[in-house]
1. Among the lysines, select those whose C-alpha is under 16 Å from the C-alpha of B:Lys216, and discard any that sit fewer than 8 residues away in the same chain.
2. With a 1.4 Å probe and all protein chains kept in place, how do A:Trp191, A:Trp214, A:Trp127 rank by accessible area, largest first?
3. What percent does the relative contact order of segment A:55-274 come to when contacts are Cα pairs within less than 8 Å and at least six residues apart?
4. Calculate the spin-label point distance for A:Ser195 paired with A:Phe104, positioning each point 7 Å from the Cα along the beta-carbon direction, and give it in nanometres.
5. Taking just the alpha-carbon atoms of the protein assembly as shown, what radius of gyration and Dmax come out, in angstrom?
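The values are calculated or read from the model by the stated rules, or taken from the named source; none is laboratory data. Here the structure is a predicted model, which is why all the values come from computation and not from measurement. Glycine also receives a Cβ, built like all others from the backbone with ideal geometry; neighbour counts cover every protein chain displayed. Note: accessible area is taken over every heavy atom of the protein model, side chains too, but ligands, DNA and RNA are not part of it. Shrake-Rupley method; radii C 1.70, N 1.55, O 1.52, S 1.80 Å.
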Amino acid sequence: MTDAAEPMAAEPVAAGRIRAAGGTRLGLLAPAGLAVALVALPLLALLLRADWGHVLDHLADPAVLPAIRLSLLTTTTTVVLAVVLGTPLAWLLARAQGRAAAWFRALLTVPLVLPPVVGGVALLMAWGRRGVVGGPLYEAFGVRVPFTPVAVVLAELFVAMPFYVIAVEGAMRSVDPRFEHVAATLGASPWRSFSRVALPLAVPGMAAGAALAWARALGEFGATITFAGNFAGRTQTAPLAVYVALERDPQAAVSLSLAMLVVSIVVLALLRGRWVR
Amino acid sequence: MTRLRARAASRLRGGVVATLLLATAVTGGCTTESRLTAGGAPQRTSTVTVLAAASLTDPLTSLARQYERAHDGVTVALSFGSSTTLAQQVAEGAPADVVAFAGTPALDQLPKDATDQGGRATIARNTMEIATPPDNPGGVRSLADLARPDLDVVLCASTVPCGKAADMVLSRAGITPHVVSREVDVKATLAKVRLGEADAAVVYHSDVVSAGDTVKGVVIPTAQNTTLDYPLVWLNTKPDTTGFAELVRGTEGRAALTRAGFLAP
């Protein structure tokens, strides 16, 4: 199936054009090197300042394992929901034309630029015990959303879903509509041409989108602490545990940060081999 | 063609996001250092950086504005957070002229030589109190009510002074409340009650006072309660550092702190 995309691959760019004049290259190297340093230095510092002899002791702290478990559980749930709900949305947006689609796209971009704490306040206004949706929910069924793992997932979905949808929409747009037309002329229903033609072609984009969404969900802090609160084992995700540990024992926070770094790198490495280039 | 356009569009979108991020970073990082008087001549400008416990937000903000009004060209830059975080920030080298903590344990986290250049004084005391939403939906009347499993109770994190004090009060009374969240500082804890998301929180008496009628206070009897001293530390002897410290320690400072619900030291 993926072979079908081959004829559409971009022409290889002439190698000579990339090799710009030496001076230009030097002018680019300095800012590029600085960019690398700005990203790499803090990560390196984390490794240098870690108390390697006690990392395992720190990770054995009763608050750490539940935090990592909760983070993995909620981020996985978030990604699954983002894929299930976000893929159809991305498809509709990719094939939609006109005003409404543009507005929906703009709406989805808002959580990308919104400070996460503001997102947390917005989530409270919607799902809180006195919220627009949460209020009636609490009145009718006694269901309280904040301070539960469900709230953590809602917060993560709010910030991560847009990443997924926008990445997948881009991938789906690049699927040539002629493939669907051909499928249709061969008698495939719209659903069948979506599920058998368009969807498989978009899988690499979906994997990249899922990885982005997962990473964003894993790092979620502001919306979670504002909306879901901070309680060990229930709503205290790994980033929240790092923040709280920093006040009690900074070295423990460094150890926990290392664990998160390792988990992130492992997941990205696994994805890279398979789908993400 | 559609493919190319889609790519360009997604690139553009990325660019817009990056630009927005950069713009926030740049504007957020700027502070006005030089001010001009009406005549156009530059005058003495100076900034006093004050790091203070979240519970001091209201009185110190009004005292800072008062100091700025009385001293043209002087800016009092305030930052509020949990005392634990602030002490750590100072220890890590965060610029600060004056710090004020809830409780004395945070003093131990300051560098040993922190007060060598300046000095310290106790500016206020505080006790703990139960805060509920104004309509008190949980019907909280005493500390013992917090043990009810149907109540959602919010406390400060056990690492920050208000959380430690709340834990002490509760454990001395032999009460295990149904805690749904442990917030990073006292204002965040109170916010959950003000929003009606929690039925009760154990916070400082001063926070109940400054929250006005957005929360209802339920007094904890002295026998079960605890008292925290609020130390003020000035880290140098620059004129505006000691000037602001004196304002906080003086009669006007005392009045502002009392109005905000603090007890005299």
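1. B:Lys187, B:Lys192
2. On the way: A:Trp191 175, A:Trp214 30, A:Trp127 75 Å².
Correct descending sequence by accessible area is A:Trp191, A:Trp127, A:Trp214.
3. On the way: 280 pairs, mean separation 69.8, N = 220.
It rounds to 32 percent for segment A:55-274.
4. The answer from the label model is 2.0 nm.
5. Reported Rg and Dmax, both Å: 27.6, 89.
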